Each structure stands twice: as C-alpha cells, then as structure tokens.
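Below is one structure; the comments refer to it alone.
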C-alpha cells in the first residue's frame with residue numbers, strides 16, 4: 001500500500017508540472033535538431049575493398065592457403081596505416097594534412113572469416129573521401145608488391161562517392177536529447193516538490209505537528 005501511495009504522489013507531482021516537463025523535453029529535442037542540422041558538419045564514408053589471396057595454382061587451393069591469406073589480411077591492415085603508404089597518398093593527391101591526420105580518417109577492417117579488406121575513409125567532402133579511399137587501395141597494392149615481392153592483392157571494388165552522410169544522425173540525436181530533456185524535467189519537478197516546504201494537505205499537518213485532523217473545510221468558490 002505504501003508503494004501505491006508513493007507512486008500516486010509521484011504521479012500527482014508530475015501531473016502538476018506537466019507543462020514544464022513537456023516544454024523542457026521539446027526544447028531539448030529542438031536544440032539538438034538545430035545543432036545537428038545547422039552547426040555540425042556532415043561526414044561521409046567511402047569504402048574500397050581488396051582481396052588477399054596467397055598465389056597458388058587454382059586447382060591446388062587448400063584450406064591452409066585460405067588460412068594464410070586471412071592471416072595476411074590482418075597483417076596488411078597495419079601496412080595500409082603505415083606512413084609509407086599514407087605519405088605517398090598525401091603526395092599523390094596533394095592533401096592538406098599529415099600522415100597522422102590522414103590515419104585518423106582511415107579505418108581498415110578485415111571482414112570476418114574472409115580474405116577481404118575494406119578501406120573506409122571519412123571526410124566532409126564525399127568526393128574527396130572516395131578519391132582518398134581509392135588512392136590508398138592502389139598505393140597499398142603497389143607497395144605490398146614491392147615489400148612482399150609477390151602480387152597477392154586484388155581490387156574488388158573501387159570506392160563510390162557516398163550520397164548519404166553517416167553523421168550527424170539527426171533522428172537519433174533528437175531522440176536522445178528528448179529522453180535526456182525528459183529526465184532533466186522530471187528531476188527538476190521532483191526537486192521543486194521536495195524544496196517546497198508549504199503545507200499542502202491535512203496529511204502534511206499530521207506529519208509536521210503530530211496532531212490528528214478532525215475535519216477539513218473545503219474551499220468554496222463564489223458564484
């Protein structure tokens with residue numbers, strides 16, 4: 001019964017301040033939407049894909065050869081991120097940033113249980129993202145041939161120019177902001193209630209004075 005009364009009291013507290021709660025929730029969502037739409041720079045991701053295959057005769061491909069190729073794919077991720085590769089990409093495209101800055105824009109992944117490597121490049125310019133991703137793929141293929149003295153990397157797909165940004169995610173940002181705004185509004189409502197020391201009911205009088213209330217006089221509205 002105690003829990004039911006507490007929940008009922010909480011409901012009345014929130015119901016009393018419902019306008020403030022709705023206002024703060026909508027305000028948080030609106031601010032997040034405005035910031036995401038007008039202040040944050042859209043970011044695009046372009047992706048090229050390569051396949052690593054240990055050179056063997058087609059009719060003699062064994063399970064061990066596939067495993068070696070997958071291990072090489074893991075190793076080649078490091079080579080893609082090397083200054084040797086990224087430095088030549090910067091020089092070829094005349095990019096205005098260092099190898100370290102370019103490395104932060106490049107994500108290299110070996111697709112699980114395959115011999116495929118993906119090279120994802122993030123940039124505010126979708127055309128530049130595609131150019132960089134493709135140039136990294138080509139430069140890496142040239143460099144790995146020189147390093148390993150073997151041609152065991154094939155290009156699967158060149159990066160296409162992305163048309164949809166990966167960030168900011170407007171709907172997600174607005175939804176998260178709305179939830180946070182709602183939580184903040186509920187917190188403020190509860191804080192206002194517990195800081196308010198005025199007597200609101202006969203139950204408050206009993207709690208404060210320890211006296212039993214024999215009766216109450218209702219407020220009569222004048223006609």
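Check 79, 176 and return the single one that is out of contact with any strand residue (DSSP E or B) (no Cβ under 6 Å at 6 or more places or on another chain) and in the same structural domain as residue 35 (by TED's automatic domain parsing).
One residue alone meets the criteria, 176.
Residue 132: buried (at least 20 other Cβ atoms within 10 Å of the Cβ), modelled with pLDDT of 95 or more and assigned by TED's automatic domain parsing to the domain that holds residue 48, yes or no? So that I can check it myself, show each step before the final result.
Values: buried (at least 20 other Cβ atoms within 10 Å of the Cβ): yes; modelled with pLDDT of 95 or more: yes; assigned by TED's automatic domain parsing to the domain that holds residue 48: yes.
Taking the combined requirement at face value, the residue satisfies it.
Which one of these is closer than 30 Å to residue 80 by Cβ and modelled with pLDDT of 90 or more: 34, 28, 46?
On the way: 34 fails: closer than 30 Å to residue 80 by Cβ; 28 fails: closer than 30 Å to residue 80 by Cβ.
From the options 34, 28, 46, the qualifying one is 46.
Looking at 91, 64, which is the one that is on the phi < 0 side of the Ramachandran plot, at pLDDT 90 or above and surrounded by fewer than 12 Cβ atoms within 10 Å (Cβ to Cβ)?
Numbers: 64 fails: at pLDDT 90 or above.
On inspection, the qualifying residue turns out to be 91.
The values are calculated or read from the model by the stated rules, or taken from the named source; none is laboratory data. No experiment lies behind these values; they were computed from the predicted model shown. All Cβ positions, glycine included, derive from the backbone under ideal geometry; neighbour counts span all protein chains shown.
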